[in-house]
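Peer 1: Pasting a structure here, questions to come.
Every number in this text was worked out from the coordinates using simple rules, so none of it is lab data. Treat the numbers as computed from the prediction; the structure is a model and nothing was measured. Cβ sites come from the backbone with ideal geometry, for glycine too, and all protein chains shown count toward neighbours.
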Amino acid sequence: MVKQNHIQMIILASRSPRRVELLKQVGIDCIALPTDIDETSLANELPESYVKRLAHEKALAASKVLKSDYTYLPLLAADTIVALNGEILGKPASDEDAFKVLKKLSASTHDVHTAIAVSYRKKIKVLLSTTQVEMMPLSDAAINAYIATGEHRDKSGSYAIQGKASAWIKRIEGSYSGVMGLPLYESVKLINEMSRK
């Protein structure tokens, strides 16, 4: 028997339909409250520090515009990045950019960092989930065919593990849902922990 989650409704500081679906998968409904923040990385900022800072800033920004009617609900923000040897590989600016990123990821093991931040009763706590992903060698033709599908757009690292690129993934070590954009174990744990305080 699956234990029922303590919290069944939250505010989600995101416009990602994937995150909404992942939360529904574990019985949590959400009200979407997307936020726009400056996502420029700081000089010499490590990928882990960068993604944790963005999740925290998203939670803070959403908390400031949250209507008083909803302040009784926990607020969840998240940010996901792909990093290879310490280099942050963000969302592609163009198809050409996506091609370059996928060439870098070909035949490599890279990190997918997803930070989550939960804001509740004027307190914010951040957790980081890191997953290692091993990708098979990719030919230029395979990369071009993938880019032609459009699936790479708006995706950190220029690919979606839950889509056609799943056939390229040899192995993952860590959270599959974290690679999709929301580590469910950590998210449910932090939401419940913060809501009990």
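Peer 1: Which residues in the range 11-29 place their backbone N less than 13 Å from a point set 7 Å from the Cα of residue 196 along the Cα-to-Cβ direction?
Peer 2: none
Peer 1: Which entries of 67/189; 100/122; 24/52; 52/164 show an alpha-carbon separation above 31 angstrom in the structure shown?
Peer 2: On the way: 67/189 25 Å; 100/122 42 Å; 24/52 24 Å; 52/164 28 Å.
Pairs exceeding 31 Å: 100/122.
Peer 1: With +1 on each Lys and Arg Cβ and -1 on each Asp and Glu Cβ, how big is the dipole of the chain about its Cα centre, in debye rounded to the nearest 20?
Peer 2: Numbers: 26 positive and 22 negative charges, 170 e Å.
In total the dipole reaches around 820 debye.
Peer 1: For the range 138-149, what does the Karplus curve 6.51 cos²θ - 1.76 cosθ + 1.60, with θ = phi - 60°, yield as ³J(HN,Hα) per residue in whole Hz, taken in order and with x for Gly and Pro?
Peer 2: Couplings: 10, 7, 4, 5, 5, 5, 4, 5, 5, 4, 4, 6 Hz.
Peer 1: Still on this structure, I have one more. Just to be sure I understand: with springs between alpha-carbon atoms less than 10 Å apart, which residue in 48, 57, 96 has the highest mean-square fluctuation in the Gaussian network model of the chain?
Peer 2: Judging by the Gaussian network model, the answer is 96.
Peer 1: Next question. Taking loop as defined by DSSP and a crowding limit of 14 other beta carbons within 10 Å, which chymotrypsin sites (Phe, Trp or Tyr not before Pro) in the range 54-124 fit?
Peer 2: On the way: sites: 70, 72, 99, 120; in loops: 72.
Here the sparse-neighbourhood loop sites are 72.
Peer 1: Set Lys and Arg Cβ to +1 and Asp and Glu Cβ to -1, take the dipole of the chain about its Cα centre, and tell me which of 33, 80, 172 lies farthest positive.
Peer 2: Going by the charge dipole, the pick is 33.
Peer 1: If you don't mind, another one. Please compute the contact order of the range 9-195 in relative form: average sequence separation of alpha-carbon pairs under 8 Å and at least six residues apart, divided by the residue count, as a percent.
Peer 2: This gives 23 percent for the range 9-195.
Peer 1: Going by average Cβ neighbours within 10 Å, how do the peptides 166-177, 181-192 rank, with the highest at the top? Working shown, then result.
Peer 2: Details: 166-177: 14.7, 181-192: 20.4.
Ranking, from highest mean packing down: 181-192, 166-177.
Peer 1: Right, something else. Once you treat every alpha carbon in the range 9-195 as an equal point and sum by Debye, what is log10 I(q)/I(0) at q = 0.16 Å⁻¹?
Peer 2: Log10 I(q)/I(0), no solvent term: -0.95.
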